[in-house]
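Undergrad: Submitted below is the structure of interest, expressed as structure tokens.
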Amino acid sequence: MSFDSILLTIFQRLHGERSAQGVYHILRGKRSGQTLQDVEYYQVKSYYALLPQLSLSEFQQALEKMVADGLIYIDKLVYVTAKGQMATGSEMWRFNGWDYRGREREFGRRLALTVQTLSNLRSGETMFMPIQKELPTQQFVKGFLRNQSKPMNTLSVSLQKELEQALINAQVPELQCTIVIGRLSGYQLTAFTWEQMAESLNMPIRSIQLYYLEALHMLLDFIHQQRNTPLLKELAAGCRVDTYLTQSAERTRKLFERGYTVEQISSLRNLKLSTIEDHFIEMAANVENFPYEEFVTNEQIDQVWRHVEQMQTKRLRVLKEQCPELTYFQLRLIIIIGRRES
């Protein structure tokens, strides 16, 4: 796995219809209407907020290298070349950026500090330098340990068994198990740094970090679905997004449920109509049983999707030329809703 291969996969799904900046916003998890729309339109939710700390310089360097290698070319928008399509490969990743949005790292920090603490306490060592410096993480782990009724030795064994079983049952590959375990510290044992791990595995640091992120997503997905990992469930508390709407979109949703129209909500909230429409696009993408029939008919949906499939594009300007009677809001809504089952 490489950063380039992930970028190529995203660029492929965007079909040359978005700029490089749009992909940068997806990876960092920008919560704008356009970015949230793109992740739904082009089915790249798994990569959303995958790298919230990604610097623009690293992203630009990756683009320049890919251009130099003939994998992509950029003419305002980004296009994948034939060479790039061959280099993309068919690897099926199990990222789930949409549900975690960087919070999986907090789970990793909590796990590492808990393991380190239990290991030291089992060995009779009460004074040690915590591997995690973040105060919220330290406070969480202190509270977690205080709330346990089991003796520390028993708790340590239980957590070890849960983690081992979770890694196995979540089908985390051996390489990623090695990376996850390598990031844990214990009594007189220090976790590997990214640099040390890169040298040991003979892999780029960014690739190792991506494997680690994927492993955390796989673990968290498994923990979320299971009932027999009580300790890991506690450590994962709050790491999964509980609402997919922005705060502003949530306020719009409540007004809509009270019977207000799009125009009335715009007036009540003193926001542009386009902003409120963005909120409705968010709602259509994330609210179960969203009543899209109040805005578009099934015939209109079928009509637009015939053009999408015939022309192999989801660009609104192109679709507007084919369906001039529909507003841009209706077109966006139809793309978000998806193709109706016949």
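Undergrad: Regarding Tyr73, is this residue closer than 30 Å to Gln12 by Cβ, without any contact (Cβ under 8 Å) to a residue 40 or more places away in the chain, touching a strand residue (DSSP E or B) at 6+ places or on another chain (Cβ under 8 Å) and not polar (S, T, N, Q)?
TA: yes
Undergrad: Can you name the residue in segment 239-252 that is touching a helix residue (DSSP H, G or I) at 6+ places or on another chain (Cβ under 8 Å) and part of a loop (DSSP other than H, G, I, E, B) and is also farthest from Met283 (Cα to Cα) among such residues?
TA: Cys239
Undergrad: Say we look at segment 186-195 and pick out the residues that are over 27 Å from the mean Cα position of the chain (by Cα) and not hydrophobic (A, V, I, L, M, F, W, C); which of these is farthest from Ser123 (Cα to Cα)?
TA: Ranking the candidates gives Thr190 first.
Undergrad: Here is a follow-up. Quick check on this structure: which one of Gly70, Gly16 is over 20 Å from the mean Cα position of the chain (by Cα), under 30 Å from Leu245 (Cα atoms) and surrounded by fewer than 18 Cβ atoms within 10 Å (Cβ to Cβ)?
TA: Just a single option satisfies the conditions, and that option is Gly16.
Undergrad: Determine whether Val287 is among the aliphatic types (A, V, I, L, M), modelled with pLDDT under 90, open to solvent by 40 Å² or more (accessible area, probe 1.4 Å) and under 24 Å from the mean Cα position of the chain (by Cα).
TA: yes
Undergrad: In a loop (DSSP other than H, G, I, E, B) and buried (at least 21 other Cβ atoms within 10 Å of the Cβ), is that true of Arg31?
TA: So Arg31 does not fit the description; no.
Undergrad: Can I ask one more? List the helices (runs of 4 or more DSSP H) inside segment 35-106, counting only whole elements, that have at least 2 residues being over 25 Å from Ala285 (Cα atoms).
TA: 56-68, 82-88
Undergrad: Ile336: modelled with pLDDT of 90 or more, buried (at least 20 other Cβ atoms within 10 Å of the Cβ) and within 25 Å of Thr35 (Cβ to Cβ), yes or no?
TA: In short, no.
Undergrad: Taking the options Phe59, Phe3, name whichever one is open to solvent by less than 40 Å² (accessible area, probe 1.4 Å), touching a residue at least 24 places away in the same chain (Cβ under 8 Å) and under 18 Å from Met92 (Cβ atoms).
TA: Phe3
Undergrad: Starting from segment 202-222, keep only residues that are open to solvent by 40 Å² or more (accessible area, probe 1.4 Å), then list their pairs with residues that are among the charged types (D, E, K, R) whose Cβ atoms are within a distance under 7 Å, requiring at least 6 positions of separation or different chains.
TA: Taking only residues 6 or more apart or on different chains, the pairs are Ile205/Glu195.
Undergrad: Another question, if that's okay. Look at segment 237-255 and say how many of its residues are touching a Lys or Arg at 6+ places or on another chain (Cβ under 8 Å) and at pLDDT 90 or above.
TA: Residues that pass the stated criteria total 6.
Undergrad: Right, next: Give the residues of segment 73-105 that are out of contact with any Pro (no Cβ under 8 Å at 6 or more places or on another chain), under 30 Å from Cys239 (Cβ atoms), open to solvent by 20 Å² or more (accessible area, probe 1.4 Å) and charged (D, E, K, R), sorted by residue number.
TA: Across segment 73-105, the qualifying residues are Glu91, Arg94, Arg103, Arg105.
Undergrad: Given Val318, Val304, which one is hydrophobic (A, V, I, L, M, F, W, C), open to solvent by less than 50 Å² (accessible area, probe 1.4 Å), in a helix (DSSP H, G or I) and free of Cβ contacts under 8 Å to residues at least 12 places away in the same chain?
TA: Exactly one residue qualifies, and that residue is Val318.
Undergrad: Which of the residues belonging to segment 268-289 are assigned to a loop (DSSP other than H, G, I, E, B) and touching a residue at least 24 places away in the same chain (Cβ under 8 Å)?
TA: Val287
The values are calculated or read from the model by the stated rules, or taken from the named source; none is laboratory data. Everything numeric in this text was worked out from a predicted model, so none of it was measured. Cβ sites come from the backbone with ideal geometry, for glycine too, and all protein chains shown count toward neighbours. With ligands, DNA and RNA removed, areas are computed over all heavy atoms of the protein, side chains included. Shrake-Rupley method; radii C 1.70, N 1.55, O 1.52, S 1.80 Å.
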